[in-house]
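In what follows, a single structure is set out as structure tokens and then discussed.
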Amino acid sequence: MVKNSEHLTSNKNKNNDSSLSVSEGVEQNSAINTQGLQRFKNRGSSLSLDEYVNGIKSGNRTILSRAITLIESTKADHRELAQDIIEQCLPDTGNSIRIGITGVPGVGKSTFIESLGNHIIDQGNKLAVLAIDPSSTRTKGSILGDKTRMETLANNDNAFIRPSPTGGSLGGVARKTRETIYLCEAAGYDTIFIETVGVGQSETAVHSMVDFFLLLMLAGAGDELQGIKRGIMEMADTIAINKVDEANEKAVTQAVREYKNALHLYPETKSEWAPKVTTCSALTGKGIPDIWEIVQEYIQQTKKNGYFKNNRNRQAKHWMYDTITSRLTEHFYDNPAVKKKQQQIEQQVLNGEMSSFKAAQKLLDLYFKEMKK
Ligand code: GDP
């Protein structure tokens, strides 16, 4: 447990000009609010656990950003502090509606998020937009783009936009986003969007942390062309066909029919919700309020039949075991005895001198032996 003082400022960073130096151990995120952080620099960069928790609970966006940076850090003490912050925020979490939004690059996700986001903010909601970008695990560039997206939302006091965490495995990135949801909820955001790219890697992760999953498609492109896998369609609670302002009407009608037919083929979902197909133009705003109504209807129905709560519980359980698995794996590969022998044993497998199973057992034996010491 990290006590009330935070040891984040390394000597190296003390003279650093950037207040972002607090996040040593983190791959820097381009959309961090540098102005806000600058204000903190002037009062010193250390915050106590209580300051973090109180700051988040009072809706201070800069403190929220900094706490998320701790979640994203690779440094053990940052992560430990982040866990303590999450723990203390926990009583204030869970009250939002979490919505996953996916679709191939260019389908209009960010335009759609702006449009729907502004619509729901106009109705008095507070929106946090998070992202899981599979490309961020390999490179610092991203399919989902940078901070110039969603400009009107970015300048809205009732919206908080955070790009995808970078670095590490997709599972690691997803876990960080999952933790970030808690902090955003504690900060008063009642609606959370989690955006991801519909290319077949990260949807499952997003699906396992949201209440409602929306798939954006285009008319007349055919799902093969759009790169959408069947499994992704199966996860969708609603398919919205975007850009209807520029699409041929016949093509739209046909697409609606085709997607409805496709959705019909899937077995009934546990939520008892019949997935819908709808149309919209993120650019003109046509159909956007209807989508929000569909979401409301879904939430109402699933809260009534108990699925909403069951699903949340199932997800919480999933993330508990997911975290255990990943921590154990990390611990195993960090073990010096394992590190020392891993390459050699792997080579023996490649040379056909040892079976994969025996090799795994040997490494596990080394690990357990070390653990008993
Ligand atoms: P993303 O890659 O899925 O986030 O897609 P963007 O939101 O960046 O949109 C890609 C392009 O499609 C941009 O040029 C948008 O202006 C355009 N676009 C998005 N939604 C619509 C729409 O409803 N109608 C039209 N005509 N263009 C749109």
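The values are calculated or read from the model by the stated rules, or taken from the named source; none is laboratory data. A quick note: this is a predicted structure, and the numbers were derived from the prediction, not measured. Glycine also receives a Cβ, built like all others from the backbone with ideal geometry; neighbour counts cover every protein chain displayed.
Counting just the residues of segment 258-277 that are polar (S, T, N, Q) and out of contact with any helix residue (DSSP H, G or I) (no Cβ under 6 Å at 6 or more places or on another chain), which one comes out modelled with the highest pLDDT? Give the steps one after another, and end with the answer.
Keep residues of segment 258-277 that are polar (S, T, N, Q), which gives 261, 269, 271.
Among the residues that remain, those that are also out of contact with any helix residue (DSSP H, G or I) (no Cβ under 6 Å at 6 or more places or on another chain) are: 261, 269.
Values: 261: 86, 269: 82.
By that ranking, first place goes to 261.
Do any helices (runs of 4 or more DSSP H) entirely within segment 286-373 hold 1 or more residues that are β-branched (Val, Ile, Thr), and if so, which?
288-304, 307-334, 336-350
Just name the residue that is modelled with the lowest pLDDT out of those in segment 130-156 that are among the acidic types (Asp, Glu) and assigned to a loop (DSSP other than H, G, I, E, B).
Filtering segment 130-156 for residues that are among the acidic types (Asp, Glu) and assigned to a loop (DSSP other than H, G, I, E, B), the one modelled with the lowest pLDDT comes out as 146.
Which residue pairs have Cβ atoms under 6 Å apart, sit 6 or more places apart or on different chains, and have a first residue in segment 345-365 that is exposed (fewer than 12 other Cβ atoms within 10 Å of the Cβ) and a second that is aliphatic (A, V, I, L, M)?
356/349
To keep it simple, each residue is scored yes or no on (1) in contact (Cβ under 8 Å) with a residue 60 or more places away in the chain; (2) within 16 Å of the ligand (Cβ to nearest atom); (3) not charged (D, E, K, R).
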| site | (1), (2), (3) |
| --- | --- |
| 264 | no, no, yes |
| 299 | yes, no, yes |
| 303 | no, no, no |
| 323 | yes, no, yes |
| 329 | no, no, yes |
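For segment 43-72, how many residues meet the condition of being more than 20 Å from residue 154 (Cβ to Cβ), in a helix (DSSP H, G or I) and among the polar types (S, T, N, Q)?
Residues that pass the stated criteria total 1.
Let me spell it out: the conditions are (1) more than 15 Å from the ligand (Cβ to nearest atom); (2) small (Gly, Ala, Ser); (3) in a helix (DSSP H, G or I), and residue 124 meets all of them except one. Which number is the exception?
(3)
Of these, 46, 110, which one is small (Gly, Ala, Ser) and within 27 Å of residue 292 (Cα to Cα)?
Numbers: 46 fails: within 27 Å of residue 292 (Cα to Cα).
Going through 46, 110 in turn, the sole match is 110.
Does residue 86 count as surrounded by fewer than 23 Cβ atoms within 10 Å (Cβ to Cβ), in contact (Cβ under 8 Å) with a residue 12 or more places away in the chain and part of a helix (DSSP H, G or I)? Walk me through how you get there before you give the answer.
On the way: surrounded by fewer than 23 Cβ atoms within 10 Å (Cβ to Cβ): yes; in contact (Cβ under 8 Å) with a residue 12 or more places away in the chain: yes; part of a helix (DSSP H, G or I): yes.
Considered against the rule, which asks whether it is surrounded by fewer than 23 Cβ atoms within 10 Å (Cβ to Cβ), in contact (Cβ under 8 Å) with a residue 12 or more places away in the chain and part of a helix (DSSP H, G or I), residue 86 comes out as yes.
If residue 305 satisfies every condition in (1) closer than 18 Å to residue 217 by Cα; (2) over 25 Å from the mean Cα position of the chain (by Cα) but one, which is the exception?
Result: residue 305 passes all but (1).
Away from the ligand (no atom under 16 Å from the Cβ), surrounded by fewer than 15 Cβ atoms within 10 Å (Cβ to Cβ) and modelled with pLDDT of 90 or more, is that true of residue 204?
On the way: away from the ligand (no atom under 16 Å from the Cβ): yes; surrounded by fewer than 15 Cβ atoms within 10 Å (Cβ to Cβ): yes; modelled with pLDDT of 90 or more: no.
Taking the combined requirement at face value, the residue does not satisfy it.
Give me the pairs: first residue in segment 97-116 and within 9 Å of residue 197 (Cβ to Cβ) and within 6 Å of the ligand (Cβ to nearest atom), second residue among the small types (Gly, Ala, Ser) and not in a loop (DSSP other than H, G, I, E, B), beta-carbon distance under 6 Å, and six or more apart or on different chains, which are they?
Between residues of segment 97-116 that are within 9 Å of residue 197 (Cβ to Cβ) and within 6 Å of the ligand (Cβ to nearest atom) and residues that are among the small types (Gly, Ala, Ser) and not in a loop (DSSP other than H, G, I, E, B), the close pairs are 109/103.
Within segment 166-204, track down each residue that is among the acidic types (Asp, Glu) and under 19 Å from residue 216 (Cα atoms).
First pass over segment 166-204, keeping only residues among the acidic types (Asp, Glu): 179, 185, 190, 195, 203.
Within segment 166-204, 195, 203 qualify.
Could you tell me which residue of segment 271-288 is nearest to the ligand (Cβ to nearest atom), considering only residues that are in contact (Cβ under 8 Å) with a residue 12 or more places away in the chain and surrounded by fewer than 14 Cβ atoms within 10 Å (Cβ to Cβ)? First the steps, then the outcome.
If we filter segment 271-288 for residues that are in contact (Cβ under 8 Å) with a residue 12 or more places away in the chain, which is where we start, we get 271-273, 275-288.
With the extra rule that they be surrounded by fewer than 14 Cβ atoms within 10 Å (Cβ to Cβ), the set shrinks to 272, 284.
On the way: 272: 30, 284: 7 Å.
The extreme case among them is 284.
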